[in-house]
1. Using helices alone, I'd like the mean residue ellipticity at 222 nm for the chain: each DSSP H run of four-plus residues gives -39500 (n - 2.57), total over residue count, nearest 500.
2. Would you rank H516, H30 by solvent-accessible area, highest first, keeping every protein chain in place and using a 1.4 Å probe?
3. Want the number for S288 to E49: 0.36 nm per residue separation, take away the alpha-carbon distance, what's left?
4. In bins 5 Å wide, starting from 0, what share of all Cα pairs of the stretch 556-625 does each bin hold, as a percent?
5. Roughly how many nanometres apart are two label points built 7 Å out from the Cα toward the Cβ at N116 and K389?
6. Summarise the accessible area of the stretch 83-143 (1.4 Å probe, protein heavy atoms) by the percent that is carbon and sulfur.
7. Just order 91-98, 386-393 by mean Cβ neighbour count inside 10 Å, highest at the front, would you?
8. Pull out the extension gain between S96 and D586, defined as 0.36 nm times the separation in residues minus the alpha carbon to alpha carbon distance; nm, one decimal.
Amino acid sequence: MKASSRKNFVYIVLFFVPVILSFIWFRTGHFLAGGEEALSIWNSRKFAEAFRYAWFETGTGIPSPTLISRVVLYSFATLLSKFLPIYFVQSLVFLSLMLTGVFSTFLLSNYIIKNNRKVAMIASLFYLLNLYSQTQVWARFLYAGMFAWAYLPLFLFLWIKWLREGKLRYTLLFAVTNFLFSNTFSQPAYLFTFWIPAGIFAIVDIWAKKRDRFNFALLLLARSFVGIFLFTVVNIWWIFPFLKISSSSFGLVSDWKTNFDSLRGVSQYFTTNQILLLRQSYLFGKDSLWFSWYNQPWVWLVSVLILVIVIVGWVSSRKTQSWKWLTSLAFVGWFVGKGSNPPFGFGFFNWLFSNFPFMAVLRNPYEKFGLVWLLPYSIFFGLGLMKIKNKLARIGILFLACGMLVWPMWTGDIYKNARVRVPDYYKQANDYLNQDKSSGRILMLPIIPGDGVRYSWSYQGLEPSEFLFDKTSISKMLRAKYFDDKYFDLYKKFISGGDYGRNLQEMNIKFLVLHHDLDAKISGASSSAEVVETLSKNPQIKLLEKFGDLDIYEFKSENLDLFKTDGPEIEYTKLSPTKYDIKINDAKKPYKLIFKETFDKNWIARIDGKVQENHFLIFDYANAWDIDRNGSYNIQVVFKVWPWD
C-alpha cells in the first residue's frame, strides 16, 4: 500500500469508528438520559441562560460554582436544536467528542513516538474502545467525564508542542480549545487530571536535558508560566466565581473525614489488580448488567493478554525519549487511581485530605484521575501490539481487544436502560404553567425523600423536573445547606398529614404537579393515590388541569411572592437570577425585607450603594434584612461575586 493510501486509511478508520458507534447508540431516535446527568441538554435553551450566572434556580436556589463552565456546551446545543431534533443534537455532541478523542490521541501518540502511524492508530482506537472508557466514561454518562476523555490528549499535545517549539499558533489553539472544552472543568477534579501530566512532562523534559540544563529549564518554566497564565485568563469567567463561592457551596456539605470515608468506601472496587485490567469490580460484579458476559473465562484471558502486550510495549520502548514521561504518567495514574488501597494509599490520602480539604474532589480517583493511567496504557498497547510480527495475529488481537471485549459498546447495550422519550404531556403541562407570570415555584409530587426516581417512560436517575419545566421546581434533595433541611421538613409534614401549608407559603410554592407516572416503590415515595387523599384535605389546594399522567394543583395563599415585608408595600423587578431591584413605597417604620431564596452570605442588599449589614436567616432557609429607613426608595438585592456586582 502506498504511503498516501496508508495515510488515508488511518484517517478513514479513525473517522468511521466513532460514526458507526454514534449511529448504533442513537439509531432508535431516543434521547439518552439518566443517572446524575438526568435530562441534561433536553432543555438546553433554559440552561444556556441559567448557567451564565453563579446562582442556579433549582429548589429554592443554590450557588453553582461548577455549573458556569457548562454554558459553552449548552449554548452550542441550543443553537443546533433550532434546526435539529434534540436526540440528534445529543448524538452530534457524542460524535464530536469521540472524534476529538481518537484524532488527538493519534496526534499525541504519533508525535511522542516519532511518526509511527500504525502504533498511533492502534493507540487511538484502544483509547476509545477499552473497558475503562466503556465503564468510567461512556456508560458513566457524565458530560464532564466525556469532555475530559476527549480533551486530555489534545490538551497535552498542544502543551507539549508549545513547550518544545514555542510557536504562537499553539498558544492560540491552546486558548481556543480551553474555551470550547470548558465543560470538562465542571468537575474540578479534572484540573488535577490535566495539569499534573502537563507538569510531569515539563519536569521530565528538563531532567532529560544533558547540556545547558539550567537555561533550558528557565525556558520551559517561562513557557509553562505563559501557558498557565493563558489558561487562567481564558477561563477566568468560571474560575473566579468558582473560587469566590465554592466555600459557601462545597464547604458546607461535608468535612474531610467524611470525604475520606467516602474514598475508602469506593476504593474497594478498584484495587491494583482491577486497575491493571482497566476494570472496576462493582461495575462487573454480580449485580451488574454485564456480569454474565464479563465473568466468562475467555474475557479474563483477553484482558490479561492486553496487559501482557502493554508490558511488552513498555519494556520495548524504554530507550525512547517519551518513555520516562509515559512511565511517570502511568505510575502516578495508578497510584492516585487506586485510592486508599495499598501500597501507601491510606496514609497518602489521609494526609492529603486532612491538610488540603479541597483535594476531596478526588474522593473517587479512579473515575476522575484514571485517564492519566489510560492514556499511557493505550500508547504502550499500540507499541506492544506492533511487536507482534504476524499481521493476522495483530488484527485478531485488536478485534478481541477493541471489538469483543467491549461488545456492549458495539451493540449499544451500554445505554440499554438510558433511552427515553419524554411524553408530550410534559410539554403541555409546561406550556400551561408558563401562562402564569408570577414567581411561584412548583412542588413535584409525590415528594421523594432523596434525589433519585424512576418513571414509567423508561427514565431512571436524578429527579429531572428542572429540565422539564421552565418554572423553578422543588423536587429533590440538593445536598445544599438550609434547603435540604427545609425540604425534608416539608416532606415529613406532608406524609404525616401535618400542617404543610406554612411550608408552601414560606418556600413560595404556588403550584403542585402530581406525577402518576412515578414508580413510587423504587423512588421511595408515597403512591399517587395517597397524595390525592392528602391534597383533598387541604381547602387551600385546588385541582386546575390534567395532562396525561400529570395533575396540576394550585395552592391559594395571599402570602406568596419572592419578596415580602412586614411593613411597606413593595414592587420588584427581576433583572437576572443574581440581581433584583425592589421599590419601597412610603416606609414609615423599621421593617424586615424577606427574600425567599436559599440563605447565602453572598446575597447583599444595598440602598444608595450602601450595604445593609443586618443580613440573617429566616424561615430556616431564606434571607432577610432589617431595614431602618423611612420614605420611598429602591433596594438592590444582588448575589455578589464579581467586584463590580
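The values are calculated or read from the model by the stated rules, or taken from the named source; none is laboratory data. Since the structure is predicted, the reported quantities are computational estimates derived from the model, not experimental observations. A quick note on method: Cβ atoms are made from the backbone with ideal geometry, for glycine too, and the neighbour counts reach across all protein chains shown. These area figures cover heavy atoms from the full protein model, side chains too; ligands, DNA and RNA do not enter into them. Shrake-Rupley method; radii C 1.70, N 1.55, O 1.52, S 1.80 Å.
1. Working: 26 runs with 317 residues, N = 645.
Rounded to the nearest 500, it is -15500 deg cm²/dmol.
2. Details: H516 75, H30 45 Å².
Largest accessible area first, the list is H516, H30.
3. Working: separation 239, 0.36 × 239 = 86.04 nm, distance 3.78 nm.
Going from the current span to full extension adds 82.3 nm.
4. 3, 14, 27, 31, 18, 6, 1, 0
5. Output for this residue pair reads 1.6 nm.
6. Details: 1110 of 1690 Å².
It is 66 percent, rounded to a whole number.
7. Numbers: 91-98: 19.1, 386-393: 11.4.
Descending mean neighbour count gives 91-98, 386-393.
8. 170.6 nm
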